[in-house]
Amino acid sequence: MSENNFLPEKILKKEWITTYWEQHRILLNEIYNLNSYLHICERLKDFPFYLFTEPSTNIWDYFFRGSYHSLVLIINKISLDRRKDVFTLDNFRENIENKFIKESNKQIFIRGYKKIDFYNRLEPYKNILENERHINIAHLNKNKTQNTHYDGSITAPIINQKLKQVNSLINEYFHFLSLGIDWAETHRQYIDKSFFTFQSTNFKSDIEELLDLVAKNSYLLNMPEKEPAVWDLKKEELSTDELMIFNKYRQKFNLPEL
């Protein structure tokens with residue numbers, strides 16, 4: 001049997017199939033949330049709040065922090081936690097290897113997860129993920145000094161390519177542990193738009209819809225029409241890049257480019 005022919009009902013012992021699915025469902029729920037939080041964080045991080053909102057009243061910063069904290073906690077919870085009373089991806093893998101799988105299929109399963117090499121590939125990111133949890137999220141470090149004033153930009157230490165790579169690695173490992181069963185990795189609307197051929201190219205997820213409304217109803221975007229004299233002064237303060245972003249949103253809502 002090859003790795004491509006894995007199916008739980010074929011390769012697992014009959015008496016363990018129900019338990020396999022119960023444990024699979026627990027981790028699937030965590031990974032579903034993980035991928036959804038990543039999508040939300042990326043959209044929030046990319047949005048130009050500094051143009052379209054007032055720094056002192058930006059509720060989106062709280063929304064981002066909650067999503068970001070949940071994202072980091074889930075990664076630690078399912079991949080890095082080493083306490084005896086927890087359930088992680090590797091606990092699931094051990095159960096499959098040592099209890100669930102038929103002896104005749106065990107070696108092909110072992111070769112498969114060794115080929116993925118999950119924990120060695122995760123190692124370069126381990127310290128930053130654990131430090132982010134222990135120092136910045138789960139505990140208040142008495143030696144830490146931090147400026148808590150919100151400056152209108154949404155930032156986080158590891159919402160970048162590295163975090164995407166960790167997320168992709170977790171999805172790859174869980175896909176292998178799913179034994180050939182395809183699963184929805186996140187909320188349907190957060191999956192790459194190209195996945196759904198029936199959707200319009202203008203399809204937007206809920207978070208994208210909400211952020212568009214922030215821009216559409218903002219004081220700045222409507223300033224040229226509502227307060228042209230103020231706009232004549234304000235536009236001199238905008239950089240070339242900011243004016244480009246401003247016009248991108250003007251065009252999106254069928255307003256003339258300035």
With respect to K126, determine if the residue is closer than 21 Å to E30 by Cα, within 18 Å of the chain's Cα centre (by Cα), modelled with pLDDT of 90 or more and among the basic types (K, R).
-> yes
Residue hits (segment 15-27; closer than 27 Å to F64 by Cα and crowded, with 17+ Cβ neighbours inside 10 Å) are L27
Of everything in segment 75-98 that's touching a Leu at 6+ places or on another chain (Cβ under 9 Å) and over 19 Å from S178 (Cβ atoms), which residue is surrounded by the fewest Cβ atoms within 10 Å (Cβ to Cβ)?
-> L80
Would segment 214-229 turn up any residue that is modelled with pLDDT under 95, farther than 30 Å from G112 by Cβ, among the aromatic types (F, W, Y) and not in a helix (DSSP H, G or I)?
-> no
Check on N160, modelled with pLDDT under 95, in contact with a helix residue (DSSP H, G or I) (Cβ under 7 Å, 6 or more places away or on another chain) and closer than 22 Å to Y125 by Cβ = no
Might you let me know whether segment 28-45 holds any residue that is free of Cβ contacts under 8 Å to residues at least 40 places away in the same chain, farther than 23 Å from S168 by Cβ and either surrounded by fewer than 19 Cβ atoms within 10 Å (Cβ to Cβ) or in contact with a Phe, Trp or Tyr (Cβ under 7 Å, 6 or more places away or on another chain) (or both)?
-> no
Within the set of pairs 6 or more residues apart or between chains, which connect a residue that is free of Cβ contacts under 8 Å to residues at least 12 places away in the same chain inside segment 227-244 to a residue that is hydroxyl-bearing (S, T, Y) with Cβ atoms less than 9 Å apart?
-> E227/Y219
Near pairs, Cβ below 7 angstrom, 6+ apart or cross-chain, from segment 52-74 (surrounded by fewer than 17 Cβ atoms within 10 Å (Cβ to Cβ) and among the basic types (K, R)) to any residue that is at pLDDT below 90 and in a helix (DSSP H, G or I) | none
Turns out the helices (runs of 4 or more DSSP H) fully within segment 1-95 with at least 1 residues that are touching a helix residue (DSSP H, G or I) at 6+ places or on another chain (Cβ under 8 Å), aromatic (F, W, Y) and within 30 Å of D212 (Cβ to Cβ) are 17-46, 49-52, 59-75
Does H149 satisfy being surrounded by fewer than 15 Cβ atoms within 10 Å (Cβ to Cβ), farther than 18 Å from V72 by Cβ, at pLDDT below 90 and not hydrophobic (A, V, I, L, M, F, W, C)?
-> yes
Which numbered condition F87 misses (of (1) farther than 30 Å from R250 by Cα; (2) free of Cβ contacts under 8 Å to residues at least 24 places away in the same chain) = (2)
May I ask you to list the residues in segment 168-199 that are in a helix (DSSP H, G or I) and modelled with pLDDT of 65 or more?
-> S168, L169, I170, N171, E172, Y173, F174, H175, F176, L177, Y190
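The values are calculated or read from the model by the stated rules, or taken from the named source; none is laboratory data. Quick caveat: nothing in here was measured; it's all calculated off a predicted structure. Note: ideal-geometry Cβ built from the backbone for every residue, glycine included; neighbour counts use all protein chains shown.
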